[in-house]
Amino acid sequence: EIVMSQSPATLSASPGERATLSCRASQSVSTNLAWFQQRPGQAPRLLIHGASTRATDVPPRFRGSGSGTEFTLTITSLQSEDFAIYYCQQYNKWPPWTFGQGTRVDIK
Amino acid sequence: QVQLVESGGGVVQPGRSLRLSCVASGFIFNRYSMHWVRQAPGKGLDWVALISYDGSTELYADSVRGRFSISRDDSKDTLYLTMHNLRPEDTAVYYCARPVNRDGYNLFGYWGQGTPVTVSS
C-alpha cells in the first residue's frame, strides 16, 4: 500500500497570502496524484488531478506541481472560501486508493 | 447535473448489519464504476470499495473485505454497501463517489453528501 503524508498538519494564513501545502508518497506515483478540498460539513471536492491539471471550474489560484514522490499544492492568494482541509490522493497503484491525512488551512 | 444521494445510515450495535444506498441521477448510471469512501469523525478520507460499471469487478479495502459487500441495481440507478459484523471502528460518514470519466476508476470527481454510521452499544 502506498502511504501518503502531508505537511504541515495545520497552516495559518491571512486572506491574500500565499499558501503552500506538501504531499509525499512512500513510493513513486508518477503524476497520478489528485488534490481535494473539503469545507466544514461538506463532501470533498476534486481540485487537481494529474498532479497539475485543474478540475472543471477550479480557479487558477490553485496550482499543483510535482512528480514521483513529492508534490505541492499552492494557493496563490487565499480567499475566504479557501479556508478548508486539503487532501492529496494517489491513484497510481490500487487498490487501495490512498489519501494523505490532510492539511487544515486556517485563518490567521 | 450529477447528483448522488446516500441514505441508510444510523446507529447500530456492534456485530449487527446495515445497508447503505446511493441513488444517482443526472448521468447514465450503468456506464460508470462507483466507489464508497468513508471518513471517521475528525479524521481523513478512507477508500472502502469499488464496483465496476458492469458489476464484474469488486475491490475492497483490507479493513472491510469479507464483511462489506458493494453492489448495484442499474434498474434503480442505485449503489449499495451492505455492511455485516460492524465494529466501532466502522463509525464514519460514508460517501459514494463517481469517477469523472466513464473509462476508468480514478478521479473521484462527484461525491454525495454522505450518510453517517455510528457503531455503538
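The values are calculated or read from the model by the stated rules, or taken from the named source; none is laboratory data. All values derive from a computational prediction rather than experimental measurement. All Cβ positions, glycine included, derive from the backbone under ideal geometry; neighbour counts span all protein chains shown.
The figures follow:
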{"read-out": "Wholly enclosed strands (runs of 3 or more DSSP E) of segment A:12-108 bearing at least 1 residues out of contact with any Cys (no Cβ under 6 Å at 6 or more places or on another chain) and farther than 23 Å from B:Asp46 by Cα", "value": "A:19-25, A:62-67, A:70-75, A:103-107"}
{"read-out": "A:Ser52 vs. criteria closer than 24 Å to B:Arg98 by Cα and without any contact (Cβ under 8 Å) to a residue 60 or more places away in the chain", "value": "yes"}
{"read-out": "Selected residue (criterion: farthest from the other protein chains (Cβ to nearest Cβ)) from residues of segment A:35-47 that are farther than 20 Å from A:Ala9 by Cβ and surrounded by 14 or more Cβ atoms within 10 Å (Cβ to Cβ)", "value": "A:Arg45"}
{"read-out": "Segment B:32-56 residues that are closer than 20 Å to A:Val3 by Cβ, paired with ones that are part of a loop (DSSP other than H, G, I, E, B) and among the aromatic types (Phe, Trp, Tyr) (beta carbon under 7 Å, 6 or more apart)", "value": "B:Trp47/A:Trp97; B:Leu50/B:Tyr105"}
{"read-out": "Filter pass, B:Tyr60 being surrounded by 14 or more Cβ atoms within 10 Å (Cβ to Cβ), at pLDDT 95 or above, among the hydroxyl-bearing types (Ser, Thr, Tyr) and closer than 14 Å to A:Trp97 by Cα", "value": "yes"}
{"read-out": "Condition check for B:Asp62: of a type outside the set (Gly, Ala, Ser), within 14 Å of another protein chain (Cβ to nearest Cβ), part of a strand (DSSP E or B) and out of contact with any Leu (no Cβ under 6 Å at 6 or more places or on another chain)", "value": "no"}
{"read-out": "Enumeration of residues in segment A:85-108 that are within 15 Å of A:Pro8 (Cβ to Cβ) and either within 14 Å of another protein chain (Cβ to nearest Cβ) or surrounded by 16 or more Cβ atoms within 10 Å (Cβ to Cβ) (or both)", "value": "A:Ile85, A:Tyr86, A:Tyr87, A:Cys88, A:Gly100, A:Gln101, A:Gly102, A:Thr103, A:Arg104, A:Val105"}
{"read-out": "Yes/no for B:Arg38 being charged (D, E, K, R), under 13 Å from the mean Cα position of the chain (by Cα), assigned to a strand (DSSP E or B) and away from every other protein chain (no Cβ under 12 Å)", "value": "no"}
{"read-out": "Residues satisfying the stated conditions in segment A:83-108, i.e. more than 18 Å from B:Asp62 (Cβ to Cβ) and β-branched (Val, Ile, Thr)", "value": "A:Ile85, A:Thr103, A:Val105, A:Ile107"}
{"read-out": "Residue ID - farthest from the other protein chains (Cβ to nearest Cβ), chosen from residues in segment B:1-35 that are among the small types (Gly, Ala, Ser) and surrounded by fewer than 17 Cβ atoms within 10 Å (Cβ to Cβ)", "value": "B:Gly15"}
